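A short worksheet on the structure shown next.
The values are calculated or read from the model by the stated rules, or taken from the named source; none is laboratory data. Not measured: the values here are computed from a predicted model. Every residue, glycine among them, receives a Cβ derived from its backbone with ideal geometry; neighbour counts consider all protein chains shown. The accessibility values were calculated without ligands, DNA or RNA, using every heavy atom of the protein model including side chains. Shrake-Rupley method; radii C 1.70, N 1.55, O 1.52, S 1.80 Å.
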Amino acid sequence: MSNASFAATARLPMPRWLRLGLILLAITVVITFFVNRPSKSEMVVNFFITLAYTGSLWFANDGAVAWLDRFASWRAAPVRRFLLTMTVSLLVSLVAIFLVNLGFRTLYFHQPISIMFTAAVWQQFAFPLVVTVLLSLFQHSRAFLLKWREAAIQTERLEKETAVARLDSLRRQVDPHFLFNSLNALTSLVEENDPARAVRFIRQLSQVYRYVLDSESQELVPLADELKFAESYLFLQKTRLGDALAVEMSLPPASQLAPFFVPPLALQLLLENVIKHNTAFQADPLRISVGLDVASGTLTVRNTLRPRRLNDGEKSGLGLKNLAARYAFLTDKPIVINPENGEFVVTLPLLTL
């Protein structure tokens, strides 16, 4: 076995069944080795009794904590988890102490089982129980601090992911290509002597950049604001692409949008990806459909799947990854990406406060 393999094996945690086996083996060896051997030193006997207590209490409490981890979270309900942990710890410790005491009294000291139910014996349980409570307080306080630190790290990671996504969204929105294309479209409107449409184009362009600046410091924005922003963004794209872009938005009344929130620029990112990664022709337009399902709380973007060749610099793929990472910290519901029937479909879960 190589040194690396040996080191990796050495780091593996000992299985609980092996721990229990070693503890039971130790108790069995102690009891059988000293049965009918009164000449053995009392110090040695006490050592093995202490070893049996220590091993059984450690195993019982370790198993209890692992079992509680599946049903009660330190982060979700720390007070409830603390009370449950201390209660279960006391119970399993009492059982462990009782069983070890029973084993030595009956098998080694040859006392009757009935002695276990006398007041004198139960009074002897007080000291190991007090020690167990003190050690449990230390261990569970440490577990709580570790969970708290993990939550703090996740929160910091969320802030970092959000900051990266905001910077990426802001960088893409002020990308020279986007601004260059928008100014070209505006120039065409001016040359066509269409001042009314040119003024509207300027206002929509202004709203796009204003929304980007206003939302960059927010983790969530109302869905209604994101949809309004998307309409401004699509107006700019339709002005530039003309009939090559066909957009359909199936949305419920504004009153039904109020409870829902999304990460800022989430919808815009999907719309930008559609236009960036697919071809669009006047005779065969690129079709985009935006639909909202209030019952399931999802927003779905569908588009005609007609991939176009991109330069190496355009194939970053960071947009959807950043968005998925932001959602992962905000909700357990994932983003669903699924090509189907010649369409590319992305479904965003809507968030509520």
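Restrict the check to region 118-132 and report whether at least one residue is over 30 Å from Phe59 (Cβ atoms) and either at pLDDT 70 or above or assigned to a loop (DSSP other than H, G, I, E, B) (or both). No: zero hits.
Evaluation of Ser289 against the conditions (1) modelled with pLDDT of 90 or more; (2) among the polar types (S, T, N, Q); (3) open to solvent by 40 Å² or more (accessible area, probe 1.4 Å) shows that the sole unmet condition is (3).
Hand me the list of helices (runs of 4 or more DSSP H) wholly inside region 182-291 holding 2 or more residues that are more than 28 Å from Ala325 (Cβ to Cβ) and of a type outside the set (Phe, Trp, Tyr).
Numbers: elements: 195-215, 223-241, 266-277.
Counting at least 2 such residues, we get 195-215, 223-241.
With respect to being open to solvent by less than 20 Å² (accessible area, probe 1.4 Å) and either in contact with an Asp or Glu (Cβ under 7 Å, 6 or more places away or on another chain) or of a type in the set (Asp, Glu) (or both), Glu226 fits the description. I'm trying to understand the selection: among the residues of region 301-310, which are in contact (Cβ under 8 Å) with a residue 24 or more places away in the chain and either open to solvent by 30 Å² or more (accessible area, probe 1.4 Å) or under 20 Å from Lys238 (Cβ atoms) (or both)? The answer is Val301, Arg302, Asn303, Thr304, Leu305, Arg306, Pro307, Arg308. Considering region 205-215 alone, what residues qualify as being open to solvent by less than 30 Å² (accessible area, probe 1.4 Å) and within 9 Å of Ser232 (Cβ to Cβ)? Across region 205-215, the qualifying residues are Leu205, Val208.
Of the residues making up region 78-121, those that are in contact with a Ser or Thr (Cβ under 8 Å, 6 or more places away or on another chain), β-branched (Val, Ile, Thr) and over 19 Å from Thr50 (Cα atoms) number 2.
Within region 229-248, how many residues are open to solvent by 60 Å² or more (accessible area, probe 1.4 Å) and of a type in the set (A, V, I, L, M)?
Going residue by residue through region 229-248, those that are open to solvent by 60 Å² or more (accessible area, probe 1.4 Å) are 231, 238, 240, 243, 248.
So of that shortlist, the ones also of a type in the set (A, V, I, L, M) come out as none.
Residues flagged as open to solvent by 60 Å² or more (accessible area, probe 1.4 Å) and of a type in the set (A, V, I, L, M) within region 229-248 amount to 0.
Look at region 288-300: where a residue is farther than 15 Å from Val262 by Cα and a partner is part of a strand (DSSP E or B) and open to solvent by less than 30 Å² (accessible area, probe 1.4 Å), sitting 6+ places away or on another chain with Cβ atoms under 6 Å, you get Ile288/Asn303.
A residue that is farther than 16 Å from Thr298 by Cβ, in contact with a Phe, Trp or Tyr (Cβ under 7 Å, 6 or more places away or on another chain) and open to solvent by 10 Å² or more (accessible area, probe 1.4 Å) cannot be found anywhere in region 255-271. If we scan region 119-128, do we find a residue that is surrounded by 12 or more Cβ atoms within 10 Å (Cβ to Cβ) and under 42 Å from the mean Cα position of the chain (by Cα)? Taking every residue of region 119-128 in turn, at least one turns out to be surrounded by 12 or more Cβ atoms within 10 Å (Cβ to Cβ) and under 42 Å from the mean Cα position of the chain (by Cα). Within region 338-353, no residue that is more than 15 Å from Glu226 (Cα to Cα) sits with its Cβ atom under 8 Å from a residue that is open to solvent by 60 Å² or more (accessible area, probe 1.4 Å) and aromatic (Phe, Trp, Tyr) at 6+ positions apart or across chains.
Of the residues making up region 338-353, those that are polar (S, T, N, Q) and assigned to a loop (DSSP other than H, G, I, E, B) number 2.
Return the residue satisfying two criteria in turn: it lies in region 302-322 and is closer than 17 Å to Pro339 by Cβ and among the polar types (S, T, N, Q), and of such residues it is modelled with the highest pLDDT. Across region 302-322, the extreme among qualifying residues is Asn303.
Residue-wise test of (1) open to solvent by 80 Å² or more (accessible area, probe 1.4 Å); (2) in contact (Cβ under 8 Å) with a residue 24 or more places away in the chain.
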site: Ala76; (1), (2): yes, no
site: Val79; (1), (2): yes, no
site: Thr85; (1), (2): no, yes
site: Asn101; (1), (2): no, yes
site: Thr106; (1), (2): no, no
site: Phe109; (1), (2): yes, no
site: Ile113; (1), (2): yes, no
